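Right, one structure below, let's go through it.
The values are calculated or read from the model by the stated rules, or taken from the named source; none is laboratory data. What you see is a predicted model, and the numbers here were worked out from it, not measured in a lab. FYI the Cβ positions are ideal-geometry reconstructions off the backbone, even for glycines, and counts take in every protein chain you see.
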Amino acid sequence: MQKVRFFSLEETLLVNELTKLTAKRPNKTILAANGPNKTIIYFPDATGNMVAYEVEETPVFSPELSSKYPEIRSFSGNSVKNKTDRVRFSVSPKGVQAMFIFKDKEKNIFLEKASRDATEYVLYDRSGQSGETDKFICKTEAKPISSEQERTAKLVDDQTIRKYRIAVSATGEYTQFHGGTIPDALA
């Protein structure tokens, strides 16, 4: 993949299509008992071609938080042509953020707004991400792991969805940087 690719996104059209998923459910914050509704959404790939994904809403907020902030939603899906290619994305007033996961490729690809007020989006892999990450120096002192710990500390990368309950706090500076409101910080 090139370092980055830029795309234009009609956010309103995307949000309207995704809203149909929620509108089909009797309780708009809890998935229907007969399973989630799905729709086809097209996303660009690393070469600039549009790829069809069958997506469904996969809430990460509790039902109470979802009803309090209905404009922040998360989705997941699989490529129609290759079921092992997956997408996870969220939609909020701050735009769309997506991660494309390819089982047969080394790198995941990310899609996010190029700037806060633009309709232009950037598609990149981690090696093409802009920023000043090369100036970061980790000063954590490493402690050797015993062979017993090494046997039990296995990497969890089995592509299994796990649910956790978590409390997250943020500083005022973080919230201000991301828009100054609770919904902006949550998004």
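What to note about this one:
Residues are listed down the side, and each one gets a yes or a no for (1) at pLDDT 80 or above; (2) not aliphatic (A, V, I, L, M):
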residue	(1), (2)
R126	no, yes
F136	no, yes
A142	no, no
Q149	no, yes
D158	no, yes
P183	yes, yes
A187	no, no
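- Members of segment 71-109 that are surrounded by 14 or more Cβ atoms within 10 Å (Cβ to Cβ) and hydroxyl-bearing (S, T, Y): S74, S76, S79, S90, S92
- Residue satisfying condition, being modelled with pLDDT of 90 or more and in contact with a Ser or Thr (Cβ under 7 Å, 6 or more places away or on another chain), within set S76, S66: S76
- Applying a threshold of 9 Å to beta carbon distances and a minimum spacing of six or more residues, or different chains, the list of pairs starting in segment 48-63 at a residue that is in a helix (DSSP H, G or I) and ending at one that is surrounded by fewer than 16 Cβ atoms within 10 Å (Cβ to Cβ) and modelled with pLDDT under 90 reads P63/N27; P63/I30.
- If the condition is being out of contact with any Lys or Arg (no Cβ under 9 Å at 6 or more places or on another chain), within 23 Å of L186 (Cβ to Cβ) and either without any contact (Cβ under 8 Å) to a residue 12 or more places away in the chain or not in a strand (DSSP E or B) (or both), then segment 73-111 contributes only P93.
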